[in-house]
Amino acid sequence: MSTVSRILLVALLACGLTVAARADADREVARTFEQGWAHFRLDGSLQVVRIAQAWPQLGSLQRSAFRGTVVYLHGCSGVNALSVRTADMLAAEGYLVFVPDSFARMNKPVSCDVSRHLGGLHREVLAWRHAEADHALKQVKALPSVDLSKIFLMGLSEGGITTATYRGEAVAGRIIEGWTCHAGWPEYRGLQAPPTEPVLALSAENDPWFQQPVLRGDCGAFMTAPSALRRSVVFRPPHPAAFHHDLMWNADARRLVLEFLHAVSGNRP
């Protein structure tokens, strides 16, 4: 075999491996959506169903069935009680909620230690979560029952970082919970929403996850034109939420989220 032939063979093998790796990655991302959860209220009953199972039923509904659609991105520990509580709350208000499950991946490195309030253990996880959010939004937009003008992206903690830094599919608005938009890693820092896109960011001044100086602050620092529909709310002492990471347990935080969703989607409370 000539030198040129060997070079071509190596190139073809490398190309084949790249294509195979990309296909595997695509399948992993698809699993996070299919094995995630759909929360919705239908005929007065709250339903929580695997997305893959709920898809045919949701596709047969009219657009008027829901006030809007929310793609909710869980935190670094996965779909837990916090995710379920938030999704149920939104569904009870008439929104169709999709919760992709990042842990449905066959390969999922640990990205945080909840017991020590320690994140950043898998820096590349942000790109993974961006891919999951992008796939979820593309799938949701293909659903006939979804009003494309009323799709929201919401996330908590690692999901909040993803929501803040995502660049891709257009959404009606973003809700960032438990994130400051400040970080040492440049890809984690800032707010990538278009300047006119509605954004609600909620954080706590004494959040135990963000006590390092590089993480201090709030997303308002990256909002060039704050308004009623583009704002950062920081809960400070003596507010009871001032020392918490997750905030949807608090009535004030829930009220702000629902007011934001209703205002942007044009729904009455």
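The values are calculated or read from the model by the stated rules, or taken from the named source; none is laboratory data. Treat the numbers as computed from the prediction; the structure is a model and nothing was measured. With ideal geometry, Cβ positions are generated from the backbone for all residues, glycine too; neighbour counts draw on all protein chains shown.
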Can you tell me which residue within the stretch 38-86, out of those that are buried (at least 20 other Cβ atoms within 10 Å of the Cβ) and of a type in the set (Phe, Trp, Tyr), is farthest from the chain's Cα centre (by Cα)?
Phe66
For the stretch 241-269, which positions are of a type in the set (A, V, I, L, M, F, W, C), within 21 Å of Ala81 (Cα to Cα) and either touching a Leu at 6+ places or on another chain (Cβ under 9 Å) or in contact (Cβ under 8 Å) with a residue 40 or more places away in the chain (or both)?
Ala241, Leu247, Met248, Trp249, Ala253, Leu256, Val257, Leu258
Please tell me if Ala91 is assigned to a helix (DSSP H, G or I), in contact with a strand residue (DSSP E or B) (Cβ under 7 Å, 6 or more places away or on another chain) and either of a type in the set (Asp, Glu) or under 14 Å from Met154 (Cβ atoms) (or both).
yes
Residues to consider are Lys138, Lys150; find the one that is charged (D, E, K, R) and surrounded by 18 or more Cβ atoms within 10 Å (Cβ to Cβ).
Lys150
In the stretch 177-190, what residues are surrounded by fewer than 24 Cβ atoms within 10 Å (Cβ to Cβ) and assigned to a loop (DSSP other than H, G, I, E, B)?
His182, Ala183, Gly184, Trp185, Arg189, Gly190
Kindly check whether there is at least one residue in the stretch 60-78 that is modelled with pLDDT of 95 or more, within 27 Å of Lys150 (Cβ to Cβ), in contact with a Ser or Thr (Cβ under 7 Å, 6 or more places away or on another chain) and basic (Lys, Arg).
yes
Subset of the stretch 139-176 (residues that are within 30 Å of Asp113 (Cα to Cα) and either over 13 Å from the mean Cα position of the chain (by Cα) or assigned to a loop (DSSP other than H, G, I, E, B) (or both)):
Ser157, Tyr166, Arg167, Gly168
Would you confirm, using the coordinates I've provided, whether Ser232 is of a type outside the set (Asp, Glu), in contact with a strand residue (DSSP E or B) (Cβ under 6 Å, 6 or more places away or on another chain) and more than 24 Å from Tyr188 (Cα to Cα)?
no
Report whether or not Glu132 is under 26 Å from Gln211 (Cα atoms), charged (D, E, K, R), in contact with a Phe, Trp or Tyr (Cβ under 9 Å, 6 or more places away or on another chain) and surrounded by 22 or more Cβ atoms within 10 Å (Cβ to Cβ).
no
Log entry, pairs with first residue in the stretch 32-43 being modelled with pLDDT under 95, second being outside any strand (DSSP E or B) and surrounded by fewer than 21 Cβ atoms within 10 Å (Cβ to Cβ), beta carbons closer than 8 Å, six or more apart or on different chains, reads Leu42/Leu61; Leu42/Ala65
Tell me which residues, restricted to the stretch 95-127, are buried (at least 19 other Cβ atoms within 10 Å of the Cβ), part of a helix (DSSP H, G or I) and free of Cβ contacts under 8 Å to residues at least 60 places away in the same chain.
Val125
Leading residue by the ranking (nearest to the chain's Cα centre (by Cα)) among those in the stretch 215-269 that are surrounded by 19 or more Cβ atoms within 10 Å (Cβ to Cβ) and of a type in the set (Phe, Trp, Tyr):
Phe260
Is it fair to say Leu143 is more than 15 Å from Gly75 (Cα to Cα) and surrounded by fewer than 21 Cβ atoms within 10 Å (Cβ to Cβ)?
yes
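Surrounded by fewer than 20 Cβ atoms within 10 Å (Cβ to Cβ), within 16 Å of Ala38 (Cβ to Cβ), free of Cβ contacts under 8 Å to residues at least 40 places away in the same chain and aliphatic (A, V, I, L, M): is that true of Ala92 in this structure?
Judged against the criteria, Ala92 is not a match.
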